[in-house]
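Every number here is computed from the coordinates shown, using simple stated rules; none is lab data. Keep in mind that this is a model prediction, so the values were computed, not measured. As a convention, Cβ positions derive from the backbone with ideal geometry for all residues, glycine included, and neighbour counts pool all protein chains shown.
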Amino acid sequence: MEAKGGYWGKILRVNLTTREVKVEPLPEEFPRKYLGGVGFGTRVLYDEVPAGADPLGPENKMIITPGLFVDTGIGTGSKTAFNFKSPLTGGYGRAMAGAEMGVQLKRAGYDMLIIEGKSDEPVMLIINDDEVKIVPADGYWGLTTGEARSKAKEEYPGYATAFIGPAGERLSLISTIETDDRQAARGGPGAVLGSKKLKGILVKGSKKAPIASPEKFRELLKKWALVFKDHPATKADMDYGSGEFL
């Protein structure tokens, strides 16, 4: 599909076994049927990962999908979904995170990143708009997530980062992915990247996704901000965080 309505109409697919990088069109029906984020990721996971696939084998995939409202200015619209077959449960895995990963992926011009296959050596994935590279993870493998992030911020300034630590490298079933200073944690996503020998993902983009009607969007954004500001759940969230749901 063509770029419109907040979508680029592009999927970035990276195969770590063959080192092939492809840009594919986003299916025309995806935006209306699945919106983005978890909807996109769940659909692709269902279609492409066999039911009997080993979660730590090359058939499993890590599908990174920014939410529909990522990088639009809408409050609460910052989340990005990491979708995979969970090595912890053997079922559907979905870990959510905020921070810059989804923002930069959208700015690079992609609605979805699909990582498949398995490298035979530790590597990192570097995305800078249309330039996509798979590079050795020399100097990064074995570092904690904080150490890796600090090193990357010096070597790759301006990039959003997503790293696994030693737990993910050792395939711990409760290991996480740290994206900037946030965590995509549920279901063992760190082990999935560890099984693929993928230490980290770095993304930087320079584009802005096209919004169909910018003026109308800004009007709705103002209305939503007022509703959100005055809603009692907002104060409860500020006072108690996730504890408000208990």
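Can you tell which of GLY205, GLY168 is in contact (Cβ under 8 Å) with a residue 40 or more places away in the chain and not charged (D, E, K, R)?
Within the list GLY205, GLY168, the selection yields GLY205.
Which of the residues that make up region 185-195 are surrounded by 24 or more Cβ atoms within 10 Å (Cβ to Cβ) and on the phi < 0 side of the Ramachandran plot?
PRO189, GLY190, ALA191, VAL192, LEU193, GLY194
Do you know which residues across region 12-34 are hydrophobic (A, V, I, L, M, F, W, C) and part of a loop (DSSP other than H, G, I, E, B)?
Step one: filter region 12-34 for residues hydrophobic (A, V, I, L, M, F, W, C), giving 12, 14, 16, 21, 23, 26, 30.
Those that are hydrophobic (A, V, I, L, M, F, W, C) and part of a loop (DSSP other than H, G, I, E, B): LEU16, LEU26.
Among what's in region 163-183 and is within 13 Å of the chain's Cα centre (by Cα) and surrounded by fewer than 24 Cβ atoms within 10 Å (Cβ to Cβ), pick the residue that is nearest to ALA95 (Cα to Cα).
Here the residue is GLN183.
What residue, of GLY187, GLY142, is touching a Ser or Thr at 6+ places or on another chain (Cβ under 6 Å), part of a loop (DSSP other than H, G, I, E, B) and of a type outside the set (Phe, Trp, Tyr)?
After applying the criteria, what remains is GLY187.
Among the residues of region 145-162 satisfying the criterion of being without any contact (Cβ under 8 Å) to a residue 60 or more places away in the chain and not in a helix (DSSP H, G or I), which is surrounded by the most Cβ atoms within 10 Å (Cβ to Cβ)? First the steps, then the outcome.
Keep residues of region 145-162 that are without any contact (Cβ under 8 Å) to a residue 60 or more places away in the chain, which gives 145-159.
Then drop every residue that is not not in a helix (DSSP H, G or I), which leaves 156-159.
Working: TYR156: 17, PRO157: 8, GLY158: 12, TYR159: 21.
Checked region 145-162; the qualifying residue surrounded by the most Cβ atoms within 10 Å (Cβ to Cβ) is TYR159.
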